[in-house]
Amino acid sequence: SAWMRSLLHLADRAHDLSGGLFDPTAQALWQALARGGDVPAARATVGWSRVGRGDGVTLAPGQALTLNGIAQGFATDLVRDRLSDLGATRALVDIGEQAAIGGPFRLGLVDPAAGYVGQRTLQNCAVATSSPGALRLAGGASHIIAPDGRAPLWSTVSVGADRAALADALSTAAVFLTGDELAALKRRAQLPRIVAVAPNGDVRSA
């Protein structure tokens with residue numbers, strides 16, 4: 001469908017901007033970690049470049065896709081676009097990620113460990129927030145996983161962007177980036193702001 005083609009195109013962009021850390025082919029690895037499967041074998045299936053796209057989508061043997069790190073933001077954008085088309089001039093869409101028409105709207109930023117750590121202000125933009133500790137898989141692994149197996153560096157990362165889908169995908173990947181890498185991502189993707197919460201509760205803004 002046109003929506004799926006658009007979503008996969010956005011996944012391409014997020015994959016490139018994140019240096020490959022946003023990778024929808026991590027699904028098989030996620031399942032292995034969640035269910036106690038063969039993790040090395042599952043990790044070998046990860047590779048966004050091996051996904052073929054033409055009239056359909058072709059996966060390499062053993063691969064599986066998850067759009068969990070981008071589809072919620074994509075749906076948020078669809079709702080905001082529809083409201084805008086219908087003439088709305090002030091609205092806040094919140095279905096897990098947030099997108100604003102007009103504003104300003106003030107949103108609280110909450111970390112699973114540190115609790116309330118500050119606010120985000122939205123005006124004609126979107127924000128998405130990812131917290132690796134919000135859900136744990138079997139053995140204590142985070143539900144947000146890197147394709148190369150690296151551990152999250154941040155307890156929470158909140159990313160602002162023009163579109164919620166991009167914010168959603170980049171917040172997922174950004175939990176694995178150092179402070180300098182977050183600043184570089186902000187410049188590369190032309191993002192208005194990234195807020196990161198360290199495991200000790202310290203808040204850093206890029």
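The values are calculated or read from the model by the stated rules, or taken from the named source; none is laboratory data. Bear in mind that the values here come from a model prediction, so they are computed numbers and not experimental data. Cβ atoms come from the backbone with ideal geometry, glycine included; neighbour counts cover every protein chain shown. Surface areas here come from the heavy atoms of the whole protein model, side chains and all, with no ligands, DNA or RNA. Shrake-Rupley method; radii C 1.70, N 1.55, O 1.52, S 1.80 Å.
May I ask you to say which residue of Leu59, Leu17, Leu21, Leu29 is open to solvent by less than 40 Å² (accessible area, probe 1.4 Å) and more than 24 Å from Lys186 (Cβ to Cβ)? Break it down into steps so the answer makes sense when it comes.
Numbers: Leu59 fails: open to solvent by less than 40 Å² (accessible area, probe 1.4 Å); Leu17 fails: more than 24 Å from Lys186 (Cβ to Cβ); Leu21 fails: more than 24 Å from Lys186 (Cβ to Cβ).
Checking each option against the conditions leaves just Leu29.
If the condition is being closer than 14 Å to His9 by Cα and part of a strand (DSSP E or B), then the stretch 38-69 contributes Gly52, Arg53, Val57.
Of the listed requirements (1) more than 20 Å from Ala99 (Cα to Cα); (2) part of a helix (DSSP H, G or I), Gly73 misses just one: (1). Scanning the stretch 99-129 for residues that are open to solvent by less than 30 Å² (accessible area, probe 1.4 Å), in contact (Cβ under 8 Å) with a residue 40 or more places away in the chain, closer than 22 Å to Gln190 by Cα and not in a loop (DSSP other than H, G, I, E, B) gives Ala99, Leu109, Arg120, Ala126, Val127, Ala128.
Quick check on Ile70: is it open to solvent by 60 Å² or more (accessible area, probe 1.4 Å) and under 17 Å from the mean Cα position of the chain (by Cα)? Give the steps one after another, and end with the answer.
Values: open to solvent by 60 Å² or more (accessible area, probe 1.4 Å): no; under 17 Å from the mean Cα position of the chain (by Cα): yes.
So Ile70 does not fit the description; no.
Yes or no, residue by residue, for (1) outside any helix (DSSP H, G or I); (2) crowded, with 20+ Cβ neighbours inside 10 Å:
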position: Ala146; (1), (2): yes, yes
position: Ala151; (1), (2): yes, no
position: Val157; (1), (2): yes, yes
position: Asp168; (1), (2): no, yes
position: Ala173; (1), (2): no, yes
position: Ala183; (1), (2): no, no
